[in-house]
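**Q** Take this structure first; my questions come after.
The values are calculated or read from the model by the stated rules, or taken from the named source; none is laboratory data. These numbers were taken from a predicted model, which means no experiment stands behind them. All Cβ positions, glycine included, derive from the backbone under ideal geometry; neighbour counts span all protein chains shown. What goes into the accessible areas is simple: the full protein's heavy atoms, side chains included, and nothing from ligands, DNA or RNA. Shrake-Rupley method; radii C 1.70, N 1.55, O 1.52, S 1.80 Å.
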Amino acid sequence: MSGIRTLDDLLGEGVSGRRVLVRADLNVPLDKQTGEITDDGRIRAVLPTLKALVDAGAKVVVCSHLGRPKGAPDPQFSLRPVAGRLGELLGAPVHFAEDTVGDSARSTVEALADGQVALLENLRFNKGETSKDDAERGAFADQLAAFGDAYVDDAFGAVHRKHASVYDVPARLPHVAGRLVLREVEVLSRLTSEPDRPYVVVLGGSKVSDKLAVIEALLPTVDRLLIGGGMCFTFLKAQGHEVGTSLLEKDMVDTCRNLMEREPGKIMLPVDVVAATAFAPDAEHEVFRADGIPSHRVGLDIGPETVAGFAAALKTSACGDPGNARTIFWNGPMGVFEMPAFANGTRGVAEAIAESDAFSVVGGGDSAAAIRVLGLDESSFGHISTGGGASLEYLEGKTLPGIAALEN
Ligand code: ADP
Ligand code: MG
């Protein structure tokens, strides 16, 4: 974050009566039937920035995307319910604009008094937001920038996107990083620059191909890499084991073998797995040795002996045994945790991380959801990132367009 100005710098200049455009990540999950917000974590995460601006007397104009509308208004992706929830959490009404940069947005912003908050309609109702064409994105950014005298980026979940609201608007306004973006980057930079050792990374989730770049980037720097989830089967196959009908990326087998040969002993794979007769919540299932998965079975979780081994590699013992982790990064569930029968691996590993004294960071939408769904205490983790893709791309060492734009 070298050279990036922060919210405190902006507050120090005085924002009373100034219009401050805040890019937030209010992309919350909605119940498909009722449209209700099922997890308001991302709304809560931006409150510190918004409250500071309100208290300082700014006219606060918030913008965000929600879901993946196709560049045109689509009522199922309206931010209106989010405006309601945000108002409840702020303890003051949030003025909602029916469009993003049209007449409603203009009159809503003009009517704001000092210390009031407006929320614009979904950014992605406009083609310019995600356009690959610089001119089209720029034209939309011009319209957005007209609503602010300064710009705050607090949308960590979107900083890896080259979108108008995160990449082009900061080129048009004085710009700073909000509290959430600052915290996320501080935490992740602790993982990339001299982490306390041993540094243990746990990776799971569905596909090796999704996570290959992060494995490549992390392998040289970590002390241990524990692999579970659907992606462990491609590694087991690379070890010469049969994996039945488990998730397998055939074209990745050679790559996985190569990774294991590159750093012998660093990668730890399951020694047992829970395999079922079908990919279903009520399917019959048993624990098998990782080298003895029957041909007609599908592996849906890591087994109990694996959980114990992973936990041992993660835990810090009471006497501070130096063999145990001081820094942990976890991304990707260990099994199909959405089905209770296959949630034990994810629960066991999450509990071991929660009990550890190590500095622990959880990245990934499904991993964060697993912590909440399994009823684990969020405060026993060092940091739960609000950005899945953004946190992985940061650890891969990629340039994040939204961060680069703040640096300029
Ligand atoms: P995150 O969002 O935390 O980065 P991913 O999106 O990579 O995680 O992966 C999450 C998904 O991986 C979950 O929906 C989970 O059901 C799935 N998964 C985990 N283990 C398996 C498995 N053995 N077979 C198939 N899918 C799995
Ligand atoms: Mg996911």
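**Q** Sorting GLU261, GLU184 by accessible area (1.4 Å probe), largest first, what list results? Please list the in-between numbers first.
**A** Working: GLU261 125, GLU184 0 Å².
Output order, biggest surface exposure first: GLU261, GLU184.
**Q** Students sometimes get this wrong: rank LYS127, LYS211 by accessible area, probe 1.4 Å, all chains present, largest first. Could you put the intermediate results ahead of the total?
**A** Working: LYS127 130, LYS211 25 Å².
The residues order as LYS127, LYS211, largest area first.
**Q** Find the accessible area per residue for the chain; the probe is 1.4 Å, ligands and nucleic acids are left out, and the unit is Å². Before the final figure, lay out the partial values.
**A** On the way: 16900 Å² over 408 residues.
Accessible area per residue: 41 Å².
**Q** Based on DSSP H runs of at least 4 residues, each adding -39500 (n - 2.57), what is the mean residue ellipticity at 222 nm of the chain after dividing by all its residues, to the nearest 500 deg cm²/dmol? Intermediate results must be reported in sequence, preceding the final value.
**A** Details: 16 runs with 145 residues, N = 408.
Helix-only estimate at 222 nm: -10000 deg cm²/dmol.
**Q** Of GLY387, GLY303, GLY41, which is the most mobile in a GNM of the chain whose springs link Cα atoms less than 10 angstrom apart?
**A** Greatest mean-square fluctuation among the candidates belongs to GLY41.
**Q** Specify which residue in the list LEU203, LEU392, VAL109 is farthest towards the positive end of the charge dipole of the chain, using unit charges on the beta carbon of Lys, Arg (+1) and Asp, Glu (-1), about the Cα centre.
**A** Farthest towards the positive pole: VAL109.
**Q** Kindly write out, for the range 101-106 in residue order, the coupling ³J(HN,Hα) from the Karplus curve 6.51 cos²θ - 1.76 cosθ + 1.60 (θ = phi - 60°), rounded to whole Hz, with x marking Gly and Pro.
**A** 9, x, 4, 4, 4, 4
**Q** I need to check one value: relative contact order of the chain, counting alpha carbon pairs closer than 8 Å and at least 6 residues apart, in percent. Walk me through the intermediate numbers first.
**A** On the way: 880 pairs, mean separation 63.4, N = 408.
The normalised contact order for the chain reaches 16 percent.
**Q** Under 5 Å between amide hydrogens, which residues at least 5 positions from GLU98 or on another chain qualify, with H placed 1.01 Å from N in the peptide plane?
**A** ALA105
**Q** Under the Karplus relation 6.51 cos²θ - 1.76 cosθ + 1.60, θ = phi - 60°, what is the ordered set of whole-Hz ³J(HN,Hα) values for the range 339-344, x standing for Gly and Pro?
**A** 9, x, 5, 10, 9, 5
**Q** Provide the solvent-accessible area of THR38, counting protein heavy atoms only and rolling a 1.4 Å probe, rounded to the nearest 10 Å².
**A** Answer for THR38: close to 90 Å² accessible.
**Q** Another question, if that's okay. Residue by residue, what Karplus-based ³J(HN,Hα) values in Hz, rounded to whole numbers, does the range 128-133 have, using 6.51, -1.76 and 1.60 with θ = phi - 60° and x for Gly and Pro?
**A** For the range 128-133, the Karplus-derived couplings read x, 4, 9, 4, 7, 8 Hz, x marking Gly and Pro.
**Q** With unit charges on the beta carbon (Lys/Arg positive, Asp/Glu negative), name the residue among ALA158, VAL307, GLY292 whose Cα is farthest towards the positive pole of the charge dipole of the chain.
**A** Highest projection toward the positive end goes to ALA158.
**Q** Let's see if you can work this out: charge +1 on each Lys and Arg Cβ, -1 on each Asp and Glu Cβ, no other charges. What is the dipole magnitude of the chain about its Cα centre, in debye to the nearest 20? Don't jump to the answer; show the numbers that get you there.
**A** Details: 40 positive and 57 negative charges, 82 e Å.
With Lys and Arg at +1 and Asp and Glu at -1, about 400 debye.
**Q** Of all the accessible heavy-atom surface of the chain, with the other protein chains kept in place and a 1.4 Å probe, what percent is carbon and sulfur?
**A** On the way: 8240 of 16900 Å².
Carbon-and-sulfur percentage of accessible area, whole number: 49.
**Q** If you place +1 on the Cβ of every Lys and Arg and -1 on the Cβ of every Asp and Glu, how big does the dipole about the Cα centre of the range 321-408 come out, in debye to the nearest 20?
**A** Numbers: 4 positive and 11 negative charges, 24 e Å.
Here the range 321-408 has a charge dipole of around 120 debye.
**Q** About the Cα centre of the range 242-295, how large is the charge dipole given +1 on each Lys and Arg Cβ and -1 on each Asp and Glu Cβ? Please answer in debye to the nearest 20. Intermediate values should be presented prior to the final figure.
**A** Details: 5 positive and 11 negative charges, 46 e Å.
Approximately 220 debye in magnitude.
**Q** Amide H neighbours of ASP357 under 5 Å, at least 5 residues apart or on other chains, H built in the peptide plane: list them.
**A** Distant-sequence amide H within range of ASP357: THR316.
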